[in-house]
Amino acid sequence: MYFPGLHSAFKELLLQCRGQKVAVVGHRRPDGDCIGAQVALVRILQALNIDAFAVNESTIPKRVNFIAEGVPFYHGAPWEFSGEKVILVDCSDAARVGPEMAKNLPGILGNIDHHRSNEGFATFDLVEAKSAATCEILAGLFIDCGFPVDELTAQALWAGIVTDTGNFTYPSTTGQVLQLSAYLIRMGASPSKIAQLIYERESLARMKLLQRVLDRMEVVAGGLLCYTWLKEKDFSETGATYEETEGFVSYGRSLDGVQVAAYFEIHDGEVKGSLRSGDETYRVDLLAGQFGGGGHACAAGLTWKGSFREFFPQFLQAAERLLEASKGRGET
Ligand SMILES: [Mn+2]
């Protein structure tokens with residue numbers, strides 16, 4: 001069994017969904033893992049003759065829109081819930097659904113997630129922080145329960161796993177996630193076809209935006225921190241959308257010697273930050289936490305009210321402290 005600790009809670013959760021309408025809700029500005037988990041869970045619920053749909057405050061990012069084909073997937077905010085049982089996936093806390101979606105959110109029945117900071121907020125909390133992706137947890141639970149994983153469900157789970165593991169390159173990549181992924185291939189997921197759909201449908205506007213991101217890269221903190229930024233004007237001038245920034249933060253991490261990469265989006269009165277580190281020696285979740293954010297040890301985010309000019313010196317100081325305190329820890 002892949003998830004013996006979650007098995008009975010999952011069965012109980014599904015039992016409560018029998019004969020009900022179920023809304024599977026993901027987080028705002030969803031990534032591949034979030035959409036994959038929403039789609040896969042809806043498909044399995046439908047296969048179990050449970051009336052289910054997915055809903056998200058944001059639209060589905062273009063790069064993973066193909067996995068939602070044929071699945072009732074709505075977006076809109078605020079969403080009017082009408083007595084559905086609610087399951088949240090890939091949300092470290094209930095507020096992650098977004099401010100508009102949170103307004104009408106009823107009591108939450110299920111919480112399926114892999115974020116370390118998830119403290120539980122549902123009747124059934126199925127949280128495994130050691131998992132690389134929420135889609136890994138779902139794949140394991142489906143197999144543990146003997147549920148039918150068809151080709152399109154396998155495709156959705158695969159898309160979630162590859163995007164959350166950086167194509168099986170992040171530290172979260174374990175033997176177990178590879179075993180589960182092998183199973184998904186046997187169930188019909190095509191790695192090459194899915195990779196083409198996710199990574200080879202970029203817009204020219206995104207490339208123009210990426211040029212600006214690369215052009216503004218700065219390496220500070222003794223060569224350990226690389227940061228870059230975009231402001232609202234960059235989006236209007238290039239015609240790129242906010243969702244097209246996925247992956248931008250990783251370029252900084254690819255520089256020799258850099259341990260932490262930061263990408264900032266500067267809005268009017270607000271700074272959004274995305275942080276990545278190469279391994280758990282450098283806890284970017286703790287760094288993000290100092291600015292009201294959170295996430296995983298190696299991948300975290302923050303939203304800070306105020307100007308970038310106020311924000312950045314504080315951030316740099318906090319980052320330097322973290323880097324100094326962490327240095328050497330990873331080498332022993
Ligand atoms: Mn995830």
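Observations on the structure shown:
- For a label point 7 Å along the Cα-to-beta-carbon line of Ala205, residues of region 33-73 with backbone N under 17 Å: 59-65
- Seen from all directions on average, region 31-178 presents a Cα convex hull projection of 8.4 nm².
- Each residue of region 246-261 was assigned a 3J(HN,Hα) from its phi angle through the Karplus expression (A = 6.51, B = -1.76, C = 1.60, θ = phi - 60°), giving 4, x, 4, 5, 6, 4, x, 5, 7, 6, 4, x, 6, 9, 10, 10 Hz with x at Gly and Pro.
- Highest to lowest packing among 156-164, 116-124, scored as the average C-beta count within 10 Å: 156-164, 116-124
- The modelled label-to-label distance between Asp144 and Ser254, using points 7 Å beyond Cα along the C-beta direction, is 3.7 nm.
- Across the cross-link table entries Lys130/Lys327; Lys62/Lys327; Lys21/Lys272; Lys130/Lys272; Lys233/Lys305; Lys62/Lys208, which are compared at the Cα atoms, the separations over 28 Å belong to Lys62/Lys327; Lys21/Lys272.
- Whole-Hz ³J(HN,Hα) from phi, Karplus 6.51 cos²θ - 1.76 cosθ + 1.60, for region 41-46, glycine and proline x: 5, 4, 5, 5, 4, 4
- Extending 7 Å from Cα along the Cβ direction at Ala318 and again at Leu178 yields two label points whose distance is 3.7 nm.
- The chain - Kirkwood radius from inverse mean 1/r over Cα pairs (Å): 20.4
- Less than 5 angstrom separates the built amide H of His75 from those of Asn56, all sequence-distant by 5 or more or on a different chain.
- Relative contact order [Cα under 8 Å, 6+ residues apart], the chain, whole percent: 13
- Computed over region 105-166, the convex hull of the alpha-carbon atoms projects to a mean area of 5.1 nm².
We did not get these values from a lab; they are worked out from the coordinates using the rules stated. Source: prediction; values computed, not measured. All Cβ positions, glycine included, derive from the backbone under ideal geometry; neighbour counts span all protein chains shown.
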